[in-house]
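The values are calculated or read from the model by the stated rules, or taken from the named source; none is laboratory data. Please read all numbers here as calculations on a predicted model, not as lab measurements. Positions of Cβ are generated from backbone atoms using ideal geometry, with glycine treated the same way; all protein chains shown enter the neighbour counts.
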Amino acid sequence: MKHLFIPEPMTYTGQQLSNHWIYKTYGIMGDAVVAFVGPSDIDSSMMVDVEDVMNNDTIYSTQMLNFIVEMFNVSLIQGVLYQRLFSSIIQSRLVDCLDSKDAHRIRRIGDDLFVDGRKKLSVSICTVSPTSILIHTGLNIESAGAPIEAAGLQSELGLDDVEGVAISCMTHFVEEVNDVRRSCCKVKAVF
């Protein structure tokens, strides 16, 4: 598995959550995770969370750190488990960036991260394509303008090194995924 931070700003529209987008756009073939910063504005026609569509929820942020993950030969349930692993890794990396007195402020519930119990820091979804599973996780950088009570990496947590946070999260996720696969290769079957 490989990772890449994309330095150019880009709006996340939901179109990036498609099979081979990373390969076609950045030349990374196979399992990968990429990150980029920019606004997020997802039209309901691009939303893959049916519950959000039925509730007429909107996903919008003036500035978000976006991660796109694509993994092959993985079932949807495995993808959801990888999604939650990634959310846990992000939580851990953020806690490491904060002073110990602020570390308790970040809580994970399922695939979502919250600050101070109720302010939503992240959005995340896992879906399946004909060839792969796809994950989008977005972290608000600024909370102003969000359609719900939100928190931001900079506005509420005071974390200015967004690229450093992204690279740390991706590096640890890639290491964990590679170690999971290595662990699967080193055991013998029992009968």
Per the filter on the range 17-41, residues in contact (Cβ under 8 Å) with a residue 12 or more places away in the chain and part of a loop (DSSP other than H, G, I, E, B) are LEU17, SER18, ASN19, HIS20, ILE28, GLY30, ASP31
State the number of residues belonging to the range 143-191 that are basic (Lys, Arg) and part of a loop (DSSP other than H, G, I, E, B).
-> 2
Mind listing just one residue for me: the one in the range 154-165 that is of a type in the set (A, V, I, L, M, F, W, C) and modelled with pLDDT under 95 and, of those, nearest to PHE36 (Cα to Cα)?
-> LEU159
Flag for ASN73 being surrounded by fewer than 14 Cβ atoms within 10 Å (Cβ to Cβ) and either under 22 Å from TRP21 (Cβ atoms) or among the acidic types (Asp, Glu) (or both) | yes
Can you tell me which residue among PHE191, PHE173 is of a type outside the set (Asp, Glu) and farther than 27 Å from HIS3 by Cα?
-> PHE191
Identify, by number, the condition in (1) surrounded by fewer than 17 Cβ atoms within 10 Å (Cβ to Cβ); (2) farther than 20 Å from GLY79 by Cβ that ASN140 doesn't meet.
-> (1)
Filter pass, THR137 being polar (S, T, N, Q) and either at positive phi or in contact with a helix residue (DSSP H, G or I) (Cβ under 8 Å, 6 or more places away or on another chain) (or both) = yes
Tally, over the range 82-129, of residues that are more than 20 Å from SER168 (Cα to Cα) and either in contact (Cβ under 8 Å) with a residue 12 or more places away in the chain or not in a strand (DSSP E or B) (or both) | 12
Checked the range 7-16 for anything crowded, with 18+ Cβ neighbours inside 10 Å and in a loop (DSSP other than H, G, I, E, B); matches are GLY14, GLN16
Which condition number does ILE106 fail, the rest of (1) closer than 23 Å to ASN178 by Cα; (2) of a type outside the set (S, T, N, Q); (3) out of contact with any Cys (no Cβ under 8 Å at 6 or more places or on another chain) being met?
-> (1)
Just checking, how many residues over the range 71-110 are of a type in the set (D, E, K, R) and farther than 23 Å from GLY164 by Cβ?
-> 1
